[in-house]
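Chemist: What follows is a structure written as structure tokens; I'll ask about it next.
The values are calculated or read from the model by the stated rules, or taken from the named source; none is laboratory data. Since the structure is predicted, the reported quantities are computational estimates derived from the model, not experimental observations. Cβ coordinates were reconstructed from backbone atoms using ideal geometry, including for glycine residues, and neighbour counts include every protein chain displayed. Only protein heavy atoms, including side chains, enter the accessible area calculation; ligands, DNA and RNA are left aside. Shrake-Rupley method; radii C 1.70, N 1.55, O 1.52, S 1.80 Å.
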Amino acid sequence: MNIQRYAENPLITPYDVKPHRKDFEVIGAFNAGIATYKDEVLMLLRVAERPISEDPNIVKAPVYNPETNALELIEFRKDDDLYDFTDPRVIRNKSKSGTFEYLTSLSYIRIARSKDGHQFTVDEKPFIYPSNIQETFGIEDPRVTQMGDTYYIYFSVVSPVGIGESMVSTTDFVTTKHHGMIFGPDNKDVLIFPEKINGKYYALHRPTMKSIGNPNIWIAESDNLLYWGNHKHLLGLREGMWDSGRIGGGAVPFKTEKGWLELYHGATLDHRYCMGAVLLDLNDPSKVIARSGKPVMEPEADYEKNGFFGDVVFSCGAIIEGGIVKMYYGVADTSMACAELSLKEILDSLEYV
């Protein structure tokens, strides 16, 4: 696969983003949803901010309180035997089978803008910030689907009761209309197709199985973008391959003459994240036509292999220009990058089922 990584990569790093509070530090600017609006390319960045601790033995957990509309900080001592701090992203309660109780950072969405798709400037203020009880631990990994003049922005919302998917819409990237949670816990990696297919809206989603089954990709349909049904299993894990550990939707599906092409992420059991592709039937996207035997893209550059969580390439959006796929992607759960790929080469690389 001929991959043209941008010379400017990484395009945005945590150092390019000013924290929204002086007592916080930005540790991630990554996994951005992508949109084109007027004459600009917009990155809807997932910005992760961590409260600064002056005491190395204290870890602070940021929690949004919907009753006071304020961010609260809960302090934990590292020498407290009740908690496990080995994963820097979470605080786990040892008495509850290792499940996490708090996150050590809070994520929200901020816009970065560019005229040429290479050089970006980041807005001073958050665009979408936690605002209700379902978002107390933050907002993560947005995607953007444009239909006419309306842009639908949907993202994972995290709270003590689980992870689901909520949606807002905008026509100007200034004001938003909240539509609530469209997929309940535990679910994420939702992707809404950019047009109706035979009178129905379609969406990909990734339930997290805790009893039986694996983290696979499912497809659902809707009459109104809010209530989803007729769920069908679409894509599963493949033992011994690059997508053997978990899979999930990446960029919003786009139409080609051969079918709907979806760029999805897959991880091995040791958490190495790559990007691959799946081709779905134009008239019935619940039918898989072909799939990547090998990754379309894998972490090879230093900024993809090293960071907050290394060996990760993770796309939430792409721009298609002629035969070129401009795939914007998060690297190492830290920064944003972009690479150009040939649409023909991607399609030719797929293995038909």
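Chemist: If I filter segment 277-284 for residues that are in contact with a strand residue (DSSP E or B) (Cβ under 8 Å, 6 or more places away or on another chain), surrounded by fewer than 21 Cβ atoms within 10 Å (Cβ to Cβ) and over 23 Å from residue 206 (Cα atoms), do I get at least one hit?
Modeler: For segment 277-284, residues in contact with a strand residue (DSSP E or B) (Cβ under 8 Å, 6 or more places away or on another chain), surrounded by fewer than 21 Cβ atoms within 10 Å (Cβ to Cβ) and over 23 Å from residue 206 (Cα atoms): absent.
Chemist: Cβ-Cβ below 8 Å, separation at least six or inter-chain, first residue in segment 148-163 and farther than 30 Å from residue 91 by Cα and among the polar types (S, T, N, Q), second open to solvent by less than 10 Å² (accessible area, probe 1.4 Å) and modelled with pLDDT of 95 or more: which pairs?
Modeler: 150/170
Chemist: Within segment 177-208, track down each residue that is open to solvent by less than 20 Å² (accessible area, probe 1.4 Å) and of a type in the set (D, E, K, R).
Modeler: 189, 206
Chemist: Among the residues of segment 99-123, write down those that are assigned to a loop (DSSP other than H, G, I, E, B), more than 19 Å from residue 5 (Cα to Cα) and either modelled with pLDDT under 95 or open to solvent by less than 40 Å² (accessible area, probe 1.4 Å) (or both).
Modeler: Taking segment 99-123 and keeping what is assigned to a loop (DSSP other than H, G, I, E, B), we get 99, 104-105, 115-120, 123.
Keeping just the survivors that are more than 19 Å from residue 5 (Cα to Cα) gives 99, 104-105, 123.
Within segment 99-123, 99, 104, 105 meet the criteria.
Chemist: Applying the selection to segment 126-167, what residues are assigned to a loop (DSSP other than H, G, I, E, B), touching a Pro at 6+ places or on another chain (Cβ under 8 Å) and among the small types (Gly, Ala, Ser)?
Modeler: 131
Chemist: Looking at (1) open to solvent by less than 20 Å² (accessible area, probe 1.4 Å); (2) over 22 Å from residue 29 (Cα atoms); (3) outside any strand (DSSP E or B); (4) among the hydrophobic types (A, V, I, L, M, F, W, C), which one does residue 173 not meet, given that it meets all the others?
Modeler: Status for residue 173: all satisfied but (2).
Chemist: Moving on. Considering only residues that are more than 14 Å from residue 112 (Cβ to Cβ) and either surrounded by fewer than 18 Cβ atoms within 10 Å (Cβ to Cβ) or among the small types (Gly, Ala, Ser) (or both), which ones fall in segment 314-330?
Modeler: 315, 318, 320, 321, 322, 323, 324
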